[in-house]
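Working notes, beginning with the structure itself.
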Amino acid sequence: MQVLQAGDRKLVLLELDRETVENILKQAGVQHRIDDSPRSMSIDVLAADRGAPLLLFDASDPSNTGWFSRCQFYVDGTSGAVLQTPIALSNLRDQHGRMLPHSVHLQIAKELPANFRLPGKQPVNEQMVYAVLYNFVNALLNTGVGLCGRSVIQPLTGRLDAPMRGK
């Protein structure tokens, strides 16, 4: 981890190790594709052997109340930001534009404001990001991730035909 001063702004530069990220994804039991760039790490998470879709559900649907109460992670449906993490999520689609229910695209930001904090007001560092990534992928597989608002990101499980709130 490095700290960069850019004018009056300070940035934390994470030095994520590709091999460590690959090991985390293998431990979670998912296939993956990683594209590493200086500003972010992009990961396609593929759980093709899984019988059910990944547990990304519409948090506003009353039928999902049981999942919502167990959630550790929430995704902003407009931006794809996984709240209080440096991770963003988007749906993956096949060549015909249909969503792939067993796959998502994750992007981990490597440049963060110096005052960025993880849940519990913990400062960010590489080890914490690795832990968050492992817990997030496990939540997609086992406990569920709540989708707050539906705009760009679409749920992969639950009542997929639920009416969009506010539209």
Mind checking the dipole of segment 1-104: about its Cα centre, +1 per Lys or Arg Cβ, -1 per Asp or Glu Cβ, Debye to the nearest 20?
-> 100 debye
May I have the count of lysine pairs in the chain with C-alpha atoms under 29 Å apart, counting pairs 8 or more residues apart or located on different chains?
-> 5
Sequence ranges 124-135, 140-151, ranked by mean other-Cβ count within 10 angstrom, highest first | 140-151, 124-135
In the set [x] 63, 41, 29; [y] 40, 36, 30; [z] 47, 34, 30, which value of Cα extents along the principal axes in Å was calculated from the structure you see?
-> [z]
Summing +1 per Lys or Arg and -1 per Asp or Glu among the other residues with Cβ less than 9 Å from Leu100's Cβ gives +1
The chain: relative contact order in percent, alpha carbon pairs under 8 Å with at least 6 residues between | 33 percent
Nearest 0.05, what FRET efficiency do Thr143 and Asp8 give at R0 = 35 Å with Cβ-Cβ as r?
-> 0.30
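Read the figures in this text as sums done on the coordinates, not as results from a lab. Predicted model, so just to flag it, every value in this text is computed and none were measured. Please note: Cβ atoms are built from the backbone with ideal geometry, for glycine as well, and neighbour counts cover all protein chains shown.
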